Amino acid sequence: MNFKSMLLGAIAGTVVLVSGQAMADTSGKTIALSNNYAGNSWRQAMLESWGKVAYQAVQDGVVAGADAFTTSENQATEQAAQIQNMILQGYDAIVLNAASPTAINGAVKEACDAGIIVVSFDGIVTEPCAWRIAVDFKQMGRDQVKYLEQRYPDGGNLLEIRGLAGVFVDDEISAGIHEQVESTKFDIVGSVHGDWAQDVAQKAVAGILPSLPEVKAIVTQGGDGYGAAQAFEAAGRPTPTIIMGNRRDELQWWKEQKDANGYETTSLSIAPGVSTLGFWVAQQILDGKEVPKDLTVPFLRVDQDTLEEILAETPVGSVANVEYALEDAQKLIQSAK
Amino acid sequence: MNMNSNNTRVENPKRGASHLLGVFSRKPWIWAFLAAGATYLATLVVVSTSAGAGSLLYAALTFASFSIIVGVGQMFVVTLGPGNVDLSIPATMTLAATLSLKFMASDPTMIVPGLLIAIGVGLACGLFNFALIMLLRIPPIIATLSASFLFQSLAIWSNRGLRIKPPASLADFATGGTFGLPNAAWVALLVSVLAWCVLEKTIAGRWISASGQNTRAARLGGVPVNAVRFGVYVGCAVLAGLAGFVLASFSGGANLNMGTEYMLMSIAVVVIGGSSIAGGNSNVPGIWGAALFMFLIVSMLNSYGLGAGVRLMLTGLIIVSVVVLASKRGRKV
């Protein structure tokens with residue numbers, strides 16, 4: 001075991017060394033971001049992070065260009081056309097957040113055949129020639145219940161707020177939650193769809209609340225915690241432990257509760273800056289690095305101790321974010337090998 | 001008159017029943033209320049406490065208010081006749097809420113100017129819609145849909161999706177209640193009463209209905225059809241702006257996707273409420289019944305713990321049944 005890890009370390013060291021030498025190889029390359037949707041704060045932060053990191057990379061001469069494109073409607077056909085345009089424009093790599101895991105495979109295949117590196121993240125594509133930086137959504141569900149189990153070993157009633165019905169992400173997170181709940185003393189006494197939006201979640205929770213017994217905690221999918229808190233407050237019921245999703249207003253509310261009555265919870269989500277991870281992974285592939293096709297996005301987690309620090313860094317109305325650097329991408333690639 | 005009908009009912013119970021049915025038939029909105037009442041009672045089966053029953057009704061009134069405000073606007077548009085519908089309501093709500101909350105910047109002294117901005121944005125959106133429809137002769141569905149992209153992009157551009165909190169006193173007002181009713185419901189009630197007066201008691205209301213029943217006949221009859229259209233589209237957008245303002249104040253800030261569900265909701269409450277989708281015939285009370293019903297049905301199916309698939313299917317089926325019932329009864333007379 002020890003020898004193995006030493007060996008791994010040695011390999012990692014060599015790779016880092018080599019990458020340092022080969023750095024300039026991508027200075028003439030161009031990378032495009034193909035994005036399918038921009039209509040919420042998470043996506044806006046994602047685009048902003050891309051803009052910041054990509055601009056710096058172009059300034060530093062790491063790449064020749066890194067342009068971002070967003071389709072006006074969240075539709076696979078439109079994104080497929082967009083990718084075809086990118087092929088014609090001659091980009092060397094396309095980083096994409098896909099409208100559908102399968103519907104743009106054709107266009108992705110065309111891009112690969114044209115010698116273009118395709119890296120999908122968040123909304124990944126199944127086409128084998130593309131790279132995938134996927135989110136382990138099931139793990140996101142499991143982690144929530146694990147935290148709650150620590151807090152309440154004796155179990156209790158849970159309310160589940162789900163996302164948008166019929167979407168893959170919603171099914172995955174929920175499956176993770178239910179799997180983990182099996183092995184605990186928790187009971188899921190209610191389940192509503194909050195569409196990942198505060199106001200929809202608030203409405204759905206207000207509607208089901210009168211029929212619920214005492215609720216110990218709420219498991220969520222992100223973007224819905226503040227709405228749930230509002231609904232409980234409006235109904236005059238004691239606030240349960242609500243797992244948050246890193247939104248600024250959720251963190252702000254948590255901070256106020258923490259100061260007022262020592263409220264404790266946790267918050268986890270994917271940082272919108274994952275787009276920059278996509279950027280660096282694409283750059284590494286262009287640089288000739290061997291990169292596994294399947295990578296996993298790390299969660300950005302806010303805990304009782306880190307709350308103030310992250311809250312201070314999060315712009316008003318936005319979502320907690322980190323921008324990834326080249327080293328983060330290299331570490332991620334190493335860990336996947 | 002009243003005495004008379006009472007007498008006939010006592011003499012001949014059968015005719016009395018059919019008379020009662022006749023009264024029902026002439027009021028298609030009754031079905032929306034019956035549906036809402038039935039759903040409410042069905043939900044109460046799983047609500048254990050009496051406090052729960054009250055808070056369910058309170059929540060229903062609160063959330064129905066937003067649908068009512070946009071629904072009233074949409075009702076006027078739909079009344080104008082086939083092909084008239086405003087699909088820019090969600091984007092107008094988002095834009096009005098985003099701009100006004102950004103302007104207020106959580107400062108309580110700015111509430112009135114903030115409200116005026118929301119209404120002004122509605123006004124501007126309505127004018128733009130009308131210009132597309134009248135001056136460029138674009139069909140309303142396409143005009144309002146394409147305008148909505150513009151409004152939505154403006155909202156994105158103006159604030160990049162950042163969520164600015166409403167001033168504390170405004171948030172307290174929007175989430176609070178007076179005389180046992182949510183304040184949002186009072187706003188909706190005010191809007192509804194005004195709309196009802198316009199529709200039933202003024203010449204403008206007659207003009208709207210006349211234009212919807214037969215535009216050509218109305219024009220020949222001296223109705224200023226274009227002015228009516230102008231008023232209706234602008235009024236609808238102003239109501240959407242108001243709804244966006246109240247909703248954003250209620251839910252703690254404007255979201256880029258806050259209006260999404262009101263696209264279908266605004267049309268659904270009009271149709272379920274018993275207004276004719278073909279235009280020319282509308283009613284305000286039905287919108288209340290329908291909006292309450294739309295909230296309660298989701299609550300009921302949620303409370304029964306049904307899966308999302310079953311829930312959506314049942315929602316669809318029940319809505320179809322209510323619409324069929326309402327329209328059938330209406331046609332018989």
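Read-outs throughout are calculated quantities, based only on the coordinates presented, and are distinct from any laboratory measurement. Remember, it's a predicted structure, so these values are computed and weren't measured experimentally. Heads up, the Cβs are rebuilt from the backbone with ideal geometry, glycines too, and the neighbour counts pull from every protein chain shown.
So, in Å, what gap is there between the alpha-carbon centers of segment B:135-182 and segment B:72-104? The two parts, judged by their Cα centres, are 8 Å apart.
Add +1 for every Lys or Arg and -1 for every Asp or Glu among the other residues with Cβ under 13 Å from the Cβ of B:Phe66, and state the total. Within the 13 Å Cβ shell, the charges total -1.
The charge dipole of the protein assembly as shown, taken about the Cα centre with unit charges on the Cβ atoms of Lys, Arg (+1) and Asp, Glu (-1), comes to about 3280 debye, rounded to the nearest 20. Basic side chains Lys and Arg get +1 at the Cβ, acidic Asp and Glu get -1 at the Cβ, and with that the dipole of segment B:29-332 about its Cα centre reaches some 720 debye. Taking a cut-off of 18 Å between Cα atoms, list the lysines near B:Lys201, but don't count ones fewer than 8 places away on the same chain. List returned: B:Lys27.
Straight-distance candidates among the aspartates and glutamates for linking to B:Lys165, with alpha-carbon spacing under 20 Å and chain neighbours fewer than 8 residues away dropped: A:Asp199, A:Asp224, A:Glu233, A:Asp249, A:Glu250, A:Glu256, A:Asp259, A:Glu308, A:Glu313, B:Asp107. The fraction of all Cα pairs in chain B landing in successive 20 Å bins from 0 to the largest distance is 30, 56, 13, 1, given as whole percents.
Helix A:326-336 and the longest principal axis of the Cα set of chain A meet at an angle near 80°. Ranking A:Gln330, A:Ala312, A:Ile285 by Cα position along the charge dipole of segment A:265-337, where only Lys, Arg, Asp and Glu carry charges on their C-beta atoms, puts A:Ile285 farthest toward the positive end. Of all lysines in the structure, the ones whose alpha carbon falls short of 30 Å from that of A:Lys29, not counting any fewer than 8 places away in one chain, are A:Lys52, A:Lys109, A:Lys289, A:Lys293, A:Lys331, A:Lys337. Could you work out the longest stretch of chain B that avoids the trypsin sites (Lys or Arg not before Pro) located in DSSP loops with at most 14 other Cβ atoms within 10 Å? The reported range is B:138-333.
Maximal additional length on extending the A:Gln89-A:His178 stretch stands at 27.4 nm, based on 0.36 nm per residue less the C-alpha distance. Placing unit charges on each Cβ (+1 for Lys and Arg, -1 for Asp and Glu) gives the protein assembly as shown a dipole about its Cα centre, and among B:Gly52, B:Leu34, A:Ala99 the Cα reaching farthest toward its positive end belongs to B:Leu34. Taking θ as phi - 60° and the Karplus parameters 6.51, -1.76 and 1.60, the scalar couplings of segment B:136-150 work out to 9, 6, 8, x, x, 4, 6, 4, 6, 5, 6, 4, 5, 4, 5 Hz in sequence order, x denoting glycine and proline. Placing unit charges on each Cβ (+1 for Lys and Arg, -1 for Asp and Glu) gives segment B:29-332 a dipole about its Cα centre, and among B:Ile318, B:Val298, B:Asn159 the Cα reaching farthest toward its positive end belongs to B:Ile318.
Take each residue in B:293-299, count the other chain C-beta atoms within 10 Å of its C-beta, and the mean is 3.
Taking amide H atoms as placed 1.01 Å from N in the peptide plane, the amide H of A:Trp131 lies under 5 Å from those of A:Val118, A:Val119, A:Ser120, each 5 or more residues away in sequence or on another chain. Across segment A:214-225, coupling constants 3J(HN,Hα) worked out from phi with the 6.51/-1.76/1.60 Karplus curve, θ = phi - 60°, read 4, 10, 7, 8, 10, 9, 9, 10, x, x, 10, x Hz, and Gly and Pro carry x.
Under the convention that each Lys and Arg Cβ holds +1 and each Asp and Glu Cβ holds -1, the size of the dipole of segment A:137-269 around its Cα centre is about 160 debye. What does the charge count near B:Thr79 come to, summing +1 for each Lys or Arg and -1 for each Asp or Glu among other residues with Cβ under 15 Å from its Cβ? Net charge around B:Thr79: 0. Contact order, relative form, for chain B: 36 percent (alpha carbon pairs under 8 Å, 6 or more residues apart, mean separation divided by residue count). Between helix A:2-22 and chain A there is an angle of about 50 degrees, using the helix long axis and the longest principal axis of the Cα atoms. The angle between the Cα long axis of helix A:137-151 and the main principal axis of chain A comes to about 40°, on a 0 to 90 degree scale. Here the peptides A:234-242, B:113-121 are ranked by packing, the mean other Cβ count within 10 Å, and the order with the highest first is B:113-121, A:234-242. One Cα centroid belongs to segment A:148-176, the other to segment B:218-274; the line between them spans 36 Å.
Look at the stretch B:244-256: the mean tally of other chain Cβ atoms within 10 Å of its residues' Cβ atoms is 4. Annotation note: trypsin sites (Lys or Arg not before Pro) in segment A:274-314 located in DSSP loop regions with a Cβ neighbour count of at most 13 within 10 Å are A:Lys293. Applied to segment B:101-111, the Karplus parametrisation 6.51 cos²θ - 1.76 cosθ + 1.60 on θ = phi - 60° returns per-residue 3J(HN,Hα) values of 6, 5, 5, 5, 6, 6, 8, x, 6, 9, 4 Hz, with x for Gly and Pro. Electrostatic bookkeeping for A:Ala64 treats Lys and Arg as +1 and Asp and Glu as -1; over the other residues with beta carbon under 13 Å from its beta carbon, the sum is -3.
Per residue of peptide A:242-251, the mean number of Cβ atoms on other chains within 10 Å of the residue Cβ is 1.
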